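Data block below; observations after.
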């Protein structure tokens, strides 16, 4: 589940794409906490297929309900991005600002960037030129993303140019060894 702050009004209509720069992924179950979805004045629950999808959207693990994942992500992010780490001073509030600059442009549109498929680690999400359909890089191939799971797997030449949905510093974090949770269908998909 994702959290970008309160995005909805009193009638549960989503009015904005984000309300704060920390975009986090939370556990669906944490201690004995229970919430009514889209409670007035509370954060808007965003539901993702899996963590790889949330990372592609620009989210990072929550420090409260996903402490171990947060610690691993932050440590690997700092190691993978030494120039950005120096600018952040190791403060998560500064890392969140840097992530925000990577995920949206000045017009508030989703940022993407180009890369060769063979240069991307598992957990990266991409789209192929001329399409809008997202694919997960996983296990030496790409797998088609749908809201219900991954549906097909195919191998592509390493030199294939793609638009990368996952922010650059997060891709470096994945390459450094952060392993996102993926939907079980990613392991069940065959070519």
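Please treat every number below as a calculation from the coordinates, not as lab data. The structure presented is a predicted model; accordingly, all values stated were derived computationally and were not measured. When we count neighbours, we look across all protein chains shown, and the Cβ atoms used for this are built from the backbone with ideal geometry, even at glycine.
Given the conditions (1) farther than 28 Å from residue 185 by Cβ; (2) surrounded by fewer than 17 Cβ atoms within 10 Å (Cβ to Cβ), and given that residue 113 satisfies all but one, which numbered condition is not satisfied?
Checking residue 113 against (1) farther than 28 Å from residue 185 by Cβ; (2) surrounded by fewer than 17 Cβ atoms within 10 Å (Cβ to Cβ), the one that fails is (1).
Out of all the residues in the range 30-46, is one or more surrounded by 15 or more Cβ atoms within 10 Å (Cβ to Cβ), touching a strand residue (DSSP E or B) at 6+ places or on another chain (Cβ under 7 Å) and on the phi > 0 side of the Ramachandran plot? Step through it out loud before you land on a result.
To start, the set of residues in the range 30-46 that are surrounded by 15 or more Cβ atoms within 10 Å (Cβ to Cβ) comprises 38, 43-46.
Next cut, touching a strand residue (DSSP E or B) at 6+ places or on another chain (Cβ under 7 Å) only: 38, 43-44, 46.
Next cut, on the phi > 0 side of the Ramachandran plot only: 38.
For the range 30-46, residues surrounded by 15 or more Cβ atoms within 10 Å (Cβ to Cβ), touching a strand residue (DSSP E or B) at 6+ places or on another chain (Cβ under 7 Å) and on the phi > 0 side of the Ramachandran plot: present.
Only one of (1) part of a loop (DSSP other than H, G, I, E, B); (2) surrounded by 14 or more Cβ atoms within 10 Å (Cβ to Cβ) fails for residue 12. Which number is that?
In the conditions (1) part of a loop (DSSP other than H, G, I, E, B); (2) surrounded by 14 or more Cβ atoms within 10 Å (Cβ to Cβ), residue 12 misses (2) alone.
Given the criterion more than 16 Å from the chain's Cα centre (by Cα) and under 19 Å from residue 174 (Cα atoms), identify the matching residue among 116, 108.
Numbers: 108 fails: under 19 Å from residue 174 (Cα atoms).
Being more than 16 Å from the chain's Cα centre (by Cα) and under 19 Å from residue 174 (Cα atoms) holds for just one of 116, 108, which is 116.
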